[in-house]
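Everything below concerns the one structure shown next.
The values are calculated or read from the model by the stated rules, or taken from the named source; none is laboratory data. Since the structure is predicted, the reported quantities are computational estimates derived from the model, not experimental observations. With ideal geometry, Cβ positions are generated from the backbone for all residues, glycine too; neighbour counts draw on all protein chains shown.
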Amino acid sequence: MTTMNIAYPEIIVIATAFIVLVADLFMTERSRAALAPIAALGLLVGIAVTATLTPVTGELLGGRFAMDPVAWWFKIVFMLASLVAVIMSMDTLDGRARVRPRGMGFRGEYYWIMLSSVVGMMLLISARDLVTLFVSLEIATLPLMVLAAWRRDDAKSGEAGLKYVILGALASAFIVYGFSILYGLARSADLNEIARAVATEKSPAFLLAVALVLAGTGFKLTMVPFHMWAADVYQGAPTPVTAYLSVASKAAGLAFAFQILFRLFGDMLPQWGALIALFAAITMTLGNVVAIVQHNIKRFMAFSAISQAGYFLLGFLGDASEGVPAMIFYLLVYVVSNLAVFACIVWFANETGKEQIEDYRGLSLTNPLTALCMMIGLFSLAGIPPLSGFVGKFFLFSIASKAGCHWLVAVAAVNSTISLYYYLRVVRQMYIEPADKEAQPPSPSTSISITVAILTIVVSILGIVPTIYQHIHAATITWLASLQ
Amino acid sequence: MNYVFYIAAAVAVFSTLMAITRANAVHALLYMITSLLSSSLIFFVLGAPYIAALQAIVYAGAIMVLFVFIIMMLNQGPASTEQERVWISGKTWVGPTMLCAVLLAELIWIVRGDPAWLPGKTIIHPKDVSKALYGPYILVIELASMLLTAGLVGAYHLGRREPERREGES
Amino acid sequence: MEYLFVLAMVGLAASMVAGGLIVARLVAPHKPGGLKDIPYECGEQPIGQAWIQFNVGYYLFGLLFLVFDVEAALMYPWAVVFRSVGLAGLIEMAIFVLVLIIGLVYAWRKGVLEWV
């Protein structure tokens, strides 16, 4: 038994969430501008406490809540993503944006909902039994559904929320049905015990459970063919929410996939290589090909995110001691790069109210630094050396290659080229097309500019500085040892 | 005595099928209530009386919300008169009522003797559930309260009235 | 045999309903009329259809009810083991209720409970 301190990150975030909710009740509309700094501060403290946590391994409540080095990384990523999302939302919610979309107020509720979803995600990776896993999954996703529909007056936002609710509920139903069968087969709700009990299971019921749980996981990861919700939800949701969705829900999906594929079905994972390779190939190809023809930048980013999910899947092939650090590293890279791009998109939407790719023309003339940052973020997503996206993709591709899936590496390489083409479409608009003369040039925003600058620096150095990857790799080795 | 379970399961499957194929939302709801009650009975037959009670208690509330929600959301047209006429005729009550009667008969069949012969190998007493919930699974209980509050706030945000503006209300 | 109480309860409930109807049939004078077939709406003359768009407020109230319904359902098991879980259980329950009370206070302050 260890002490309570491994639960401090969650406790801090939960406390922040409740402080925000209660403070909101006793504030005037004017003083509610303080809510975002409170939320951001809470998340910063959470990150700091997590970062200085020693030891990072331990369990509470009879092993039903556990902290390990991999969970540590996921929690850092979750809190980081939501911290940036909170900062991005500030301008719109506090009314500093030039174009303020209707129905984007209600700050107390907004940050409370966002923080609750972070709590769910953080518990998701720490859960060690089916019940906690499922409830934390629900806490993570239900707030995202509310956030997607946040602008109730907007038909697109409502559509996004409704589609997310219906398809998300279906995915949850799949997962919980699969869980119930697993519980019946193993007569235990403990993930490790189930893993032991089903290691040699071949019954049809078990296969059904696996299919159901994997389908649900695929939905959370936006894996083709379970990706249908992503494009409409990303496009319809308010832009800061889309930014949050694209990184947080993907990170949560990966955390859930870790729990399922490594902890629950770890023994069977090597046999599923062909299936995962197939899904990876379909996912990245479809995401990339459809992204080419998009005009709305949020929808474009949605398909980009789907194709990135395909790259993540490569990490499940082959040796876990290489796949896990590669996936976590790429997750970090993806989150930072995507947030850098989305911070620019949020800022641009705040200033101009436009979200077509063509609207970005001439941005390098009016706002050269922002255009540069956005370009670096997009290039990192495309995987251009020496940016971190290249390093992350390199690790993932080499895993697929070592696992013997050379055709998959070829598919992934072709896909990277395709993705470069469509990321360059945005860059072309910013750098080559002339600026719109009549349009008022967008003016910079302090909070978003600082965020973009920091994120861009991180994107640039993450791949060059080896310590982060080394830390992730070392963390993984101890984690994998604990799985046995 | 497994056939008690199978009858309840058949009722559940049939009423669920009926619920998703009904054109009239209220009829669908009636079948859905039957379906939920039959799953409650299945829990009971399997030796989990607490979960059976929970199913009935919670879904009684949930169904009411759903009822209000559906009536609120439906687009009402001239067809509603015709719908109502059919509704009042009492014919549509026959199906759910008969299925409910089957369930009731089953319940009587079960409780008339000693429940030890139930298909469930062991009876999970409410006390066992409580010991698990307030022992090792306490995190789930606290998480449930967080989930409920988050849901409450979210639902309030999406369903709130805006006095200053009437048009375009979804 | 412990479930015989349930059976007795079912029988009692059914006989209450059936008894009421039978007694009414025997005692009450039988005079059907058009006015009596009108749905009862608190003595008011019913206006229009029952299928109208309801105020969204009903939905919020329904949801509030549902949240606290689930809360109550989770409190039953605590009541069963109240003694054996002791102080720890009390604290756990206090946190649980506190979180939901914050939800209630939230709804109260935001005017969800007010009927405009």
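Figures for the structure shown
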item	result
Identity of the residue in region A:15-65, buried (at least 16 other Cβ atoms within 10 Å of the Cβ), among the hydroxyl-bearing types (Ser, Thr, Tyr) and away from chain C (no Cβ under 14 Å), that ends up nearest to the chain's Cα centre (by Cα)	A:Thr50
Scan of region C:3-37 for residues that are part of a loop (DSSP other than H, G, I, E, B) and surrounded by 10 or more Cβ atoms within 10 Å (Cβ to Cβ), ordered by number	C:Tyr3
Single match in A:Gly103, A:Gly95 (criterion: modelled with pLDDT under 85, more than 18 Å from the chain's Cα centre (by Cα), within 13 Å of another protein chain (Cβ to nearest Cβ) and not in a helix (DSSP H, G or I))	A:Gly103
Subset of region A:115-129 [buried (at least 24 other Cβ atoms within 10 Å of the Cβ), more than 7 Å from chain B (Cβ to nearest Cβ) and either over 17 Å from the mean Cα position of the chain (by Cα) or small (Gly, Ala, Ser) (or both)]	A:Ser117, A:Gly120, A:Ser126, A:Ala127, A:Asp129
Identity of the residue in region A:364-375, among the hydrophobic types (A, V, I, L, M, F, W, C) and under 20 Å from A:Pro240 (Cα atoms), that ends up surrounded by the most Cβ atoms within 10 Å (Cβ to Cβ)	A:Met374
Any hit, region B:154-170, residues being part of a helix (DSSP H, G or I), more than 7 Å from every other protein chain (Cβ to nearest Cβ), surrounded by 16 or more Cβ atoms within 10 Å (Cβ to Cβ) and modelled with pLDDT of 80 or more	no
Options A:Ile472, A:Ile477, A:Ile418, A:Ile454; residue that is without any contact (Cβ under 8 Å) to a residue 40 or more places away in the chain and not aromatic (Phe, Trp, Tyr)	A:Ile454
Candidates A:Ala435, A:Ala439, filtered to the one that is under 30 Å from A:Thr352 (Cβ atoms) and in contact with a Pro (Cβ under 8 Å, 6 or more places away or on another chain)	A:Ala435
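Results for (1) over 30 Å from A:Ser126 (Cα atoms); (2) buried (at least 18 other Cβ atoms within 10 Å of the Cβ), shown as yes or no for each residue.
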| site | (1), (2) |
| --- | --- |
| A:Thr446 | yes, no |
| A:Ser449 | yes, no |
| A:Ala453 | yes, no |
| A:Val458 | no, yes |
| A:Pro466 | no, no |
| A:Tyr469 | no, yes |
| A:Thr478 | no, no |
